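For reference, the structure discussed in these notes is given below.
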Amino acid sequence: MAINTSILKKPLDIKFDLDLGQLAGASRMLGVDISASSIKMVELSRKGKPPYSYSLERYVIEPMPTDALQDGGINQIEQVSECMRNALKRMGTRQKKAVMALPLTAVITKKINVPAGLREDDLEFQVETEANQYVPFALDEVNLDFQVIGPVPDYPEEVEVLLAAARKDKVEDRVAAALSAGLKVEVMDIEQFAAQSMFARAITQQLPDEGKDKVVALIDIGASVTRINVLLNGESVYMRDLSFGGNQLTQEIQNQFNLSPEEAETAKRNGTLPENYSNDVLKPFCETVALEVSRALQFFFTSTQYTQVDFIFLSGGCASIPGLEEIISGRTNVITQIVNPFADMALSGRVAQRQLKMDAPVLLTASGLAMRGFDPS
């Protein structure tokens with residue numbers, strides 16, 4: 001499937017556009033986040049005129065087989081598609097327009113400098129010429145997108161451009177799974193950039209003075225990977241991935257209580273583990289998470305110009321573990337909170353507020369993708 005190249009207006013928001021014409025004026029949008037453990041779907045609505053008001057209409061988290069994804073790519077298209085169908089059925093939505101994303105590991109990004117003042121077609125030609133130097137595949141095998149970031153400091157005759165390229169098969173696998181489930185993919189974004197955009201929006205609601213000039217770390221604790229993204233005034237200044245996540249907790253539950261992987265995951269989600277689970281398994285796991293976060297921040301300090309982090313926000317499947325934020329705060333001496341991407345949104349009557357409080361940090365990327373659908377430019 002061909003994907004058109006487009007110039008994007010907002011810094012650090014690369015996306016691969018599919019059919020943006022139908023998005024203009026959209027009042028509802030689905031964000032679909034595919035991770036190793038589950039599919040998260042979020043439906044947002046937008047009302048009024050700028051500044052718009054947004055509402056969370058519905059959402060769902062659908063578990064997925066462990067072998068459906070491999071190294072960020074779809075390994076079993078039919079399994080993923082079936083999970084999407086189940087998720088849509090549970091949501092009960094009629095909305096079919098969706099925004100999806102690739103993991104950053106599946107995308108090649110590079111900042112380049114080009115002459116300022118180029119016409120759009122000349123800029124596209126220049127970017128494609130430069131891309132040949134950095135993309136290790138033939139350009140007809142990749143989807144290429146780019147955006148102008150702004151003038152190069154001290155060189156006003158040049159502008160900085162961020163280009164992104166992904167192999168077509170990686171994009172087309174996600175599109176095919178969605179189409180089979182009855183969805184129409186309007187935009188293919190990048191997971192970390194969608195989460196970052198939504199996070200930057202969320203912290204303005206959760207921090208004094210909208211977090212201005214504060215160094216804020218987003219710690220996303222997923223099933224197998226913990227992602228560190230440090231931001232200053234909405235711009236990322238540091239990213240790092242750790243090979244650590246909630247799977248370690250599931251593995252320890254298996255070992256401690258002699259359960260299968262499926263039984264361990266179900267018991268963890270449903271809260272049906274023995275009484276000694278909290279002290280013997282969960283608390284040591286939280287201490288390990290806090291130690292990993294502390295080490296990651298120390299690495300950030302030693303490898304950058306920064307010497308402190310003012311706030312830590314947690315997202316991902318482990319973020320809502322009771323007491324984890326206090327343990328991390330105690331270990332790092334940094335104020336730690338759980339991110340809530342819906343802090344300034346209305347909630348429809350279909351959303352259970354108590355359950356959303358537990359699920360909100362898992363929905364950061366999916367909500368960022370849904371929000372992206374309202375801004376196709």
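The values are calculated or read from the model by the stated rules, or taken from the named source; none is laboratory data. Please read these numbers as outputs of a predicted model, since none were measured by experiment. Reconstructed Cβ throughout: ideal geometry from the backbone, glycine too, with neighbour counts over all protein chains shown.
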Point to revise | Candidates Ala360, Ala366, Ala343, Ala352, filtered to the one that is touching a Gly at 6+ places or on another chain (Cβ under 9 Å) and under 22 Å from Gly31 (Cα atoms) | key: Ala366
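Table: residues versus (1) among the β-branched types (Val, Ile, Thr); (2) under 30 Å from Ser81 (Cβ atoms); (3) at pLDDT 90 or above.
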{"site": "Val127", "(1), (2), (3)": "yes, no, no"}
{"site": "Ala138", "(1), (2), (3)": "no, yes, no"}
{"site": "Asp145", "(1), (2), (3)": "no, yes, no"}
{"site": "Glu172", "(1), (2), (3)": "no, yes, yes"}
{"site": "Ser180", "(1), (2), (3)": "no, yes, yes"}
{"site": "Val187", "(1), (2), (3)": "yes, yes, no"}
{"site": "Gln196", "(1), (2), (3)": "no, yes, yes"}
Practice item. Can you give me the number of residues within the range 259-268 that are buried (at least 17 other Cβ atoms within 10 Å of the Cβ) and in a helix (DSSP H, G or I)? Key: 4
Review point. With respect to Arg331, is the statement that it is basic (Lys, Arg), buried (at least 17 other Cβ atoms within 10 Å of the Cβ) and more than 17 Å from Phe199 (Cβ to Cβ) true?
Key: yes
Exercise for review: Scan the range 151-182 residue by residue and report those that are more than 24 Å from Lys96 (Cα to Cα), under 28 Å from the mean Cα position of the chain (by Cα) and charged (D, E, K, R).
Suggested key: Glu160, Arg167
Point to revise | Among the candidates Thr129, Thr93, residue that is more than 20 Å from the chain's Cα centre (by Cα), of a type in the set (Val, Ile, Thr) and under 23 Å from Gly373 (Cα atoms) | key: Thr93
Exercise for review: Within the range 277-299, track down each residue that is over 18 Å from Gln251 (Cα atoms) and either free of Cβ contacts under 8 Å to residues at least 40 places away in the same chain or surrounded by 20 or more Cβ atoms within 10 Å (Cβ to Cβ) (or both).
Suggested key: Ala290, Val293, Ser294, Arg295, Ala296, Leu297, Gln298
Review point. Would you call Val289 over 25 Å from Asp209 (Cα atoms) and of a type in the set (A, V, I, L, M, F, W, C)?
Key: yes
Exercise for review: Out of the residues in the range 334-346 that are closer than 19 Å to Thr93 by Cβ and under 21 Å from the mean Cα position of the chain (by Cα), state the one that is surrounded by the fewest Cβ atoms within 10 Å (Cβ to Cβ).
Suggested key: Met345
Point to revise | Thr272 vs. criteria modelled with pLDDT under 90, part of a helix (DSSP H, G or I), surrounded by fewer than 18 Cβ atoms within 10 Å (Cβ to Cβ) and over 15 Å from the mean Cα position of the chain (by Cα) | key: no
Check your understanding: Looking only at the range 113-122, which residues are at pLDDT 90 or above and touching a strand residue (DSSP E or B) at 6+ places or on another chain (Cβ under 7 Å)?
Key -> Asn113, Val114, Pro115, Ala116
Point to revise | Those helices (runs of 4 or more DSSP H) lying entirely in the range 277-377 with at least 2 residues at pLDDT 95 or above and more than 22 Å from Glu191 (Cβ to Cβ) | key: 283-303, 324-332
Practice item. Residue by residue through the range 30-44, note down the ones that are hydroxyl-bearing (Ser, Thr, Tyr) and at pLDDT 95 or above. Key: none
Review point. Just for the range 347-377: of the residues that are of a type in the set (S, T, N, Q) and exposed (fewer than 14 other Cβ atoms within 10 Å of the Cβ), which one is farthest from Met91 (Cα to Cα)?
Key: Ser377
